[in-house]
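The values are calculated or read from the model by the stated rules, or taken from the named source; none is laboratory data. Keep in mind the model is a prediction, meaning the values are calculated, not measured. Every residue, glycine as well, gets a Cβ built from its backbone with ideal geometry; the counts of neighbours run over all protein chains shown. Heavy atoms of the whole protein, side chains included, go into the accessibility calculation; ligands, DNA and RNA do not. Shrake-Rupley method; radii C 1.70, N 1.55, O 1.52, S 1.80 Å.
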Amino acid sequence: MNLNREQYDFSLISAQQGLELDPNYSLFYYYQGLSQLMQKNYNQAERFFKQAIEKEGNELYYIKLGQTYQMLNLYEKALALYSQAQEFYRQDRYKNKLSEDNNFSVYSYKVDCLRNLGKFEEAEDNCKIGLIEKPNNYNLLYKKGQIYYDQKQYNNAIEQFLFSLTQKESAETYLFLSIILQIIRFFFYREFIE
C-alpha cells in the first residue's frame with residue numbers, strides 16, 4: 001500500500017505529536033527507522049536506529065542498525081552491532097522466544113557479512129556455533145552450503161544442500177544444487193574431450 005501525499009503528511013504530523021508527548025520513547029525512533037529502512041533511505045534509517053539505541057539499548061535495535069549497515073556494504077560495522085545484539089541474547093537467554101529467533105537471525109546475518117568480506121572460515125565457524133545450539137536450523141544449514149559453494153568446494157556444498165533439504169524444501173536450495181551439478185558436468189565434459 002502506497003501512501004498518498006495527504007496520508008504521508010498526516011503520518012509525519014502524527015509522528016511529531018507523539019515525539020512531543022514522549023521524546024524518550026525508543027519505539028518511536030525504532031519504527032521510524034524501520035520505515036526508512038523499508039524505503040531504502042539508509043542514512044535516515046541509521047539516524048533513527050541510533051536514536052532508538054540511545055534511548056534504550058535493545059537487541060532488536062542493534063540488529064536493525066546492523067542490517068542498515070549491511071545494506072550499505074559496511075560489513076565490519078554490521079558485524080560489531082550483531083555481536084552486541086547477541087550479548088543481549090546471552091544476558092536474557094531464556095526470557096522469550098523472540099530473543100531466540102533474533103539470535104538465530106543474527107547468526108545468519110553475520111554469515112552473510114563474513115561471506116561478503118571473504119572470511120569463509122569465520123563464516124563457517126558462525127554456522128557451526130549456531131548449529132550446536134539448534135542442529136536443524138535450515139537457514140544455517142543452507143548458509144553453510146553457500147560457504148562451500150563460494151570456496152568451490154562443490155562436493156561439500158552438494159552434501160550440505162541435500163542435508164538442508166531434509167529440514168525444509170526450498171527453491172533456492174534446488175537452484176544452487178542445479179548450478180553446482182552443471183558446473184561439475186561442464187568440468188567433467190571439458191576434461192573428457194581434451
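For N136 and Y25, what does the FRET efficiency come to when R0 = 30 Å and r is the distance between their Cβ atoms, rounded to the nearest 0.05?
Values: r = 39 Å, r/R0 = 1.29.
Result of the calculation: an efficiency of 0.20.
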- Once phi is turned into ³J(HN,Hα) by the Karplus curve 6.51 cos²θ - 1.76 cosθ + 1.60 with θ = phi - 60°, what whole-Hz value does each residue of the range 40-53 show in order, with x for glycine and proline? 6, 8, 5, 5, 5, 4, 4, 4, 5, 5, 4, 5, 4, 5
- Any idea what angle helix 120-133 forms with the longest principal axis of the chain, computed on alpha-carbon atoms, 0 to 90 degrees, nearest 10? 80
- Hey, what do the phi angles of the range 23-30 turn into as Karplus ³J(HN,Hα) couplings, whole Hz, using 6.51/-1.76/1.60 and θ = phi - 60°, x for Gly and Pro? x, 9, 7, 5, 4, 4, 5, 4
- Item | Computed accessible area, K168, all protein chains, 1.4 angstrom probe, square angstrom | 110
- Task: Taking only Cα atoms and a 10 Å spring cutoff, compute GNM fluctuations for the chain and point out the largest among L141, L19, L34.
- Result: L19
- Note on the structure: Nearest-0.05 FRET efficiency for I13 and E56 at R0 = 22 Å, using Cβ-Cβ distance, is 0.35
- Message: Between 0 and 90 degrees, rounded to the nearest ten: what's the tilt of helix 5-21 against the longest Cα principal axis of the chain?
- Response: 70
- Additional length obtainable on full extension of the chain from S35 to E76, 0.36 nm per residue less Cα span: 12.4 nm
- From DSSP H assignment alone, runs of 4+ in the chain each adding -39500 (n - 2.57), the sum over residues rounded to the nearest 500 puts [θ] at 222 nm at -27000 deg cm²/dmol
- Stretched fully, the stretch from N116 through Q153 gains (0.36 nm per residue minus C-alpha distance, one decimal, in nm) 11.6 nm
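Before I look further, what does the chain give for accessible area per residue, probe 1.4 Å, in whole square angstrom?
Numbers: 12070 Å² over 194 residues.
Using a 1.4 Å probe on heavy atoms only, each residue of the chain averages 62 Å².
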- Query: Tell me, in nm to one decimal, what length is gained between Y89 and D125 on full extension, where the rule is 0.36 nm per residue of separation less the Cα-Cα distance?
  - Reply: 11.1 nm
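Protein chains only, probe 1.4 Å: how do I13, I179 rank by accessible area, largest first?
Working: I13 95, I179 60 Å².
Sorted descending by solvent-accessible area, the residues read I13, I179.
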- Task: Report, in degrees rounded to the nearest 10, the 0 to 90 angle that the Cα long axis of helix 75-91 makes with the longest principal axis of the chain.
- Result: 80
